[in-house]
Amino acid sequence: MQRIKDLRAEKKQNNLFQTVIWKNMLYNRKETILLIICEMLIVAIAYSGSMCYQILSAKHSSEVLFLQEDGISRQFVYAGMLLLFCAIVLIITVMVSYLGKRIPQYMLLKRMGISMSDTRKMIWTEAGICYVAATFIGFFVGKGMFLIFRKFITDMVGIEGKAGSYSKLTFPVICLFSFGIYGLSFLLMKELEADFRIITSTQESVRKEKLTGKFTGGKLVIGICCCSYAVVQYGKIYNHESVYLLGLFFAGTYLILRSGMALILSYIRNKQERNYYRHLLQRNKLYYRSKTVVRYGVLFFILNFLVCFYFGFQVVSTATAEPVSSLYPYDFMCIADDKDEKLLKNLKETYKSDIHIEEYPMVRVATADKIERGERGAEQRIQGQEIGISETTYHRLKKAIHKEDKAQKMDLDAEGKKVYLVHQQDRSVKAQPMDWFYGKSRPNLHIGVPAAEYDWGNKKNTYIERVVTGEEIGSLTGCYSTEKSENIVVFSDKYFEKAEKEWKKTDAIWGIPVEDAKSYYGEATIIQGPTKLVLIAVKSGINNRNKMLERIDQLLEKKEEAHQYIGNYDSTVRFHYDSESAKADIISERAVKILINSYLMIMVIIVDMIIFYTMCQMELKEIILRERFLKNLGMSGKERRKVYRKEICFYYVSPTCIMLAAMVLFLRAVLRARMFPETIAETCIRMEGVLIAGVLLLRMLYVVAVYQVFSRKAGMRDER
Amino acid sequence: MKDNVLLRTENMSRKYVISDRRETEIEVLKDINLEIREQEFISIMGKSGSGKTTLLKLLGLIDRPTSGKLYFKGVDSEELRGDRLARIRRQDMGFVYQDYYLLDSLSVFENIMLPMILDHKDDKVCKEEAEKLAVSFQIQNLLGKYPYELSGGEKQRTAICRALVNQPDVIFADEPTGNLDSRSTEIVMDVFSTIHSKMHKTIIMVTHDISVAEYSERILYIEDGKITEDR
């Protein structure tokens, strides 16, 4: 009966209850506005990003299906995941501050007997207003961002009038997406609160944090080892500039900062009394809030490092990458075989002196797995397919494109155990290994078409480990297949002769000797595969050049199916590649790379600023109490401001110093991994310098502004 | 009726666990056996850290005992959860705190009406009742103001009006005069006396001030978590 009465009462429209909700929101408008800004940013960036993707991907050859392994969508998904992570961290941080202020009010209402449904109504109304406002503003901001970036992209890429269009459903989908992030962040925050009391702990005025724990010296040593290992490994080409190494570096930095600071401060407190007491107030926070201070310090370092290096270097390396035309010395590259004699003869007779055709002997070289994968298991790996050539052919190719032949002595052996690699990619692409599965530093290579059914447990007969005597990054024949395939493997001339005949002795499906295949399976499949690397250049300056290119392309396209030796095993590996579409792809990919990384840089800078502001806001109550206390003790305003200024500046100075040191180490590593020539490396370093200076200046101005605002809020300007 | 037992405890205890390395347990209240009847005016006195505020919180159903029993109007407190508990807090109890705990975002008028708003009473009824109480406690000219504009005594009278607006059976007061000067203390304690004598409400008040405790008809002394005297 009572329950029915309650339900009837709840259904009544109570205008005063709405007034209470609205007035509470208005009272906490600063936190509400901050939350709206965070959500608005997510909507705006996701909206403008997806519109940019749609207009750019229309011109990219690989964008038939979304989430294709090559192309723009991969970069957008990758960026999207990073954005998602940043968005969740940001919303959780702001929510902690927002709810930190609201929780005392909710608790009071709970004590006064607010029902669960009214509590939910209150929370949903507030959340709903924030969400609607953020989405509404985000629509216009996102539109503005998109227009700016479209102008930038079309100027750079030159696709004005040829760009694709975007769907009208984009915004509704983004609304759902942002609602999902909002909900997910709220759920995660509830979990964190249940486990770590992250909100309610902000209500406590005193928090006890130990300066030193056990094994501080040991942790410091571990931190140093982690950082050193991470930096050294980052410079190795086969580690693919792994984000896990960066994670290891960050973890090491945290250990170094926490343990190092603890040891130094303990030493000062115990052994240098005079120094300790002279700076008692200035360093007080470092002593009693050391864990929190270090966490924030490392967090700001990580955010600035991501801006300046992880995303910033991508922009810089893309901006300083080779001109696209230099990556494609030929108009067509064909992975041909003996049956293509007639076709090539036909081409020569048809176009005579208008085209120049070069033929080089080659073998197909397969790697076990061409893609970095997180999961292992029954899923079949797509093997990489590379171009195997002899040492002589390598030198001829170099000479043909007038490139300086640095590798005079390659130290290759007659058994084929030693190889030289040419990674055909441009400078904007991360350095990467050729073989992802078995041996990153020592690739396991198979001579012949991919042996799709080979026995993984018995790879020594099929995918033989090779030692890399040297490698280079650059284009000899053309950067096709987005650096995962059609790279060049150089063997010694002697071994190459043997390799050319390997197909006769090897079963193509199992990768084992033909006799073994016959005895195990009753039959053997023999496929010769490609034997010739054919490079076609159409003379420039002739009439109807474009039409000629089109006709040749159509002619070669007709032969595609005949060159699928093992069915459509990998659609990205083809019989022929044309440079025109590859150039268009690279141009749009570079534009996307700059666009996405710029977005991410802006997003992370904003996240950094918001977290900094929120951190100051959460500590304000404590600062005000301390301010009153110190004023009553007779400390001058100038001294009190100095104490606060030093505390705030710690969050600028220490992350900056660590970041600069880390930048030097990692820049050196990445320039080595990507084998940048000296002149280009200098340009990159200069551009990075400008970027770092800009970011640090912006951050400094912001920190100064925040200091001014919060010192005023804490009453430090008031001497009464 | 004065003979009806409003609150009863049986060997009620409360322990807290401090989360340091050794997980130290502190027993704040030990085996409290107590009966509080309707229309009683009780003061709970004791030194700082004796457990008086903890006792008040347990009796006010804000906290739960770690052992023993607590009955409110004959109902075991363990059975009082969720919306049922919320209703009791809204309709049967009123709270007055040392720090007033008024919502700064709401005016005095809205703060007084708040329990009725949460109880989904009609807007007109809310306003009428709030005005009536404000007149009784002589704060009718403050209705349009906000808490930060009031003095301590005015805030506390506002808080008392809020505690009374839903006609609760019992008022819990935690050091209601702790932040007030002597003049305001006198005014507030006169108000409590009026609530007790004329409105026949049960009042359970925590105080460390004997002069304030003397307004009540029964004083409980707590020391080290135990009731040492009941007079």
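The values are calculated or read from the model by the stated rules, or taken from the named source; none is laboratory data. This is a predicted model, so every value here is computed, not measured. Counting neighbours? That spans all protein chains shown, and the Cβs are built from the backbone with ideal geometry, glycine included. Ligands, DNA and RNA are excluded from the accessible area calculation, which covers all protein heavy atoms including side chains. Shrake-Rupley method; radii C 1.70, N 1.55, O 1.52, S 1.80 Å.
Quick notes
- The residue list A:VAL653, A:VAL706 contains one member that is touching a Cys at 6+ places or on another chain (Cβ under 7 Å) and assigned to a helix (DSSP H, G or I), which is A:VAL706.
- Restricting B:LYS30, B:LYS47 to residues that are more than 13 Å from the chain's Cα centre (by Cα), over 29 Å from B:GLY153 (Cβ atoms) and away from every other protein chain (no Cβ under 14 Å) narrows the list to B:LYS30.
- Segment B:192-222, residues that are more than 14 Å from the chain's Cα centre (by Cα) and part of a helix (DSSP H, G or I): B:SER193, B:THR194, B:SER197, B:ILE210, B:SER211, B:VAL212, B:ALA213
- Verdict on A:LEU299 being modelled with pLDDT of 85 or more, open to solvent by 10 Å² or more (accessible area, probe 1.4 Å) and either in a strand (DSSP E or B) or out of contact with any Phe, Trp or Tyr (no Cβ under 7 Å at 6 or more places or on another chain) (or both): yes
- Checked against (1) without any contact (Cβ under 8 Å) to a residue 60 or more places away in the chain; (2) under 27 Å from B:GLN156 (Cβ atoms); (3) crowded, with 20+ Cβ neighbours inside 10 Å; (4) over 17 Å from the mean Cα position of the chain (by Cα), B:GLU128 passes all but a single condition, namely (3).
- Selected residue (criterion: nearest to A:MET410 (Cα to Cα)) from residues of segment A:468-501 that are among the acidic types (Asp, Glu) and either in contact with an Asp or Glu (Cβ under 6 Å, 6 or more places away or on another chain) or assigned to a helix (DSSP H, G or I) (or both): A:ASP493
- Whenever a residue of segment A:233-246 is farther than 16 Å from A:ALA662 by Cβ, its partners that are polar (S, T, N, Q) and surrounded by fewer than 22 Cβ atoms within 10 Å (Cβ to Cβ), lying with C-beta atoms within less than 9 angstrom and at least six residues away or across chains, give the pairs A:LYS236/A:SER441; A:ILE237/A:SER441; A:TYR238/A:SER441; A:ASN239/A:GLN233; A:ASN239/A:SER441.
- All positions within segment A:684-720 that are open to solvent by 50 Å² or more (accessible area, probe 1.4 Å) and among the β-branched types (Val, Ile, Thr): A:ILE685, A:VAL690, A:VAL704, A:VAL709
- Residue match in segment A:155-170 (condition: over 25 Å from the mean Cα position of the chain (by Cα), open to solvent by 60 Å² or more (accessible area, probe 1.4 Å) and at pLDDT 80 or above): yes
- Test result for A:SER178, out of contact with any Pro (no Cβ under 9 Å at 6 or more places or on another chain), at pLDDT 80 or above and among the polar types (S, T, N, Q): yes
- Just one of the listed residues (A:ALA524, A:ALA562) is part of a loop (DSSP other than H, G, I, E, B), more than 27 Å from A:PRO433 (Cα to Cα) and touching a helix residue (DSSP H, G or I) at 6+ places or on another chain (Cβ under 8 Å), and it is A:ALA524.
- Any hit, segment A:22-31, residues being open to solvent by less than 80 Å² (accessible area, probe 1.4 Å), modelled with pLDDT under 70 and of a type outside the set (A, V, I, L, M): no
- Condition check for A:LEU412: outside any loop (DSSP other than H, G, I, E, B), of a type in the set (A, V, I, L, M, F, W, C) and surrounded by 22 or more Cβ atoms within 10 Å (Cβ to Cβ): no
- Scanning segment B:186-214 for residues that are over 27 Å from B:VAL125 (Cβ atoms) and surrounded by fewer than 21 Cβ atoms within 10 Å (Cβ to Cβ) turns up B:GLU186, B:ILE187, B:ASP190, B:SER193, B:HIS208, B:ASP209, B:ILE210, B:SER211, B:ALA213, B:GLU214.
- Residue selected from segment A:495-531 under the condition within 14 Å of A:VAL365 (Cβ to Cβ) and open to solvent by 30 Å² or more (accessible area, probe 1.4 Å), by the criterion farthest from the chain's Cα centre (by Cα): A:LYS498
- In segment B:71-89, the residues that are touching a residue at least 12 places away in the same chain (Cβ under 8 Å) and of a type in the set (Val, Ile, Thr): B:ILE88
- Flag if B:ARG37 is touching a residue at least 24 places away in the same chain (Cβ under 8 Å), touching a helix residue (DSSP H, G or I) at 6+ places or on another chain (Cβ under 8 Å), surrounded by 13 or more Cβ atoms within 10 Å (Cβ to Cβ) and of a type outside the set (Asp, Glu): no
- Scanning segment B:105-136 for residues being at the interface with chain A (Cβ under 7 Å from one of its Cβ atoms), farther than 21 Å from B:ILE203 by Cβ and among the hydrophobic types (A, V, I, L, M, F, W, C) gives a total of 5.
- Condition met for B:VAL135 (over 14 Å from the mean Cα position of the chain (by Cα), surrounded by 14 or more Cβ atoms within 10 Å (Cβ to Cβ), part of a helix (DSSP H, G or I) and of a type in the set (A, V, I, L, M)): no
- Only one entry in B:LEU102, B:LEU70 is buried (at least 19 other Cβ atoms within 10 Å of the Cβ), in contact with a helix residue (DSSP H, G or I) (Cβ under 8 Å, 6 or more places away or on another chain), away from chain A (no Cβ under 14 Å) and not in a helix (DSSP H, G or I), namely B:LEU70.
- Of the residues making up segment A:539-573, those that are modelled with pLDDT of 85 or more, within 38 Å of the chain's Cα centre (by Cα) and hydrophobic (A, V, I, L, M, F, W, C) are A:LEU549, A:LEU556.
- Of the criteria (1) without any contact (Cβ under 8 Å) to a residue 60 or more places away in the chain; (2) within 14 Å of chain B (Cβ to nearest Cβ); (3) in contact with a Phe, Trp or Tyr (Cβ under 9 Å, 6 or more places away or on another chain), which one A:LYS110 fails: (3)
- Checking A:SER540, A:SER571, A:SER588 one by one, the residue that is out of contact with any Phe, Trp or Tyr (no Cβ under 7 Å at 6 or more places or on another chain) and either open to solvent by less than 60 Å² (accessible area, probe 1.4 Å) or basic (Lys, Arg) (or both) is A:SER588 and no other.
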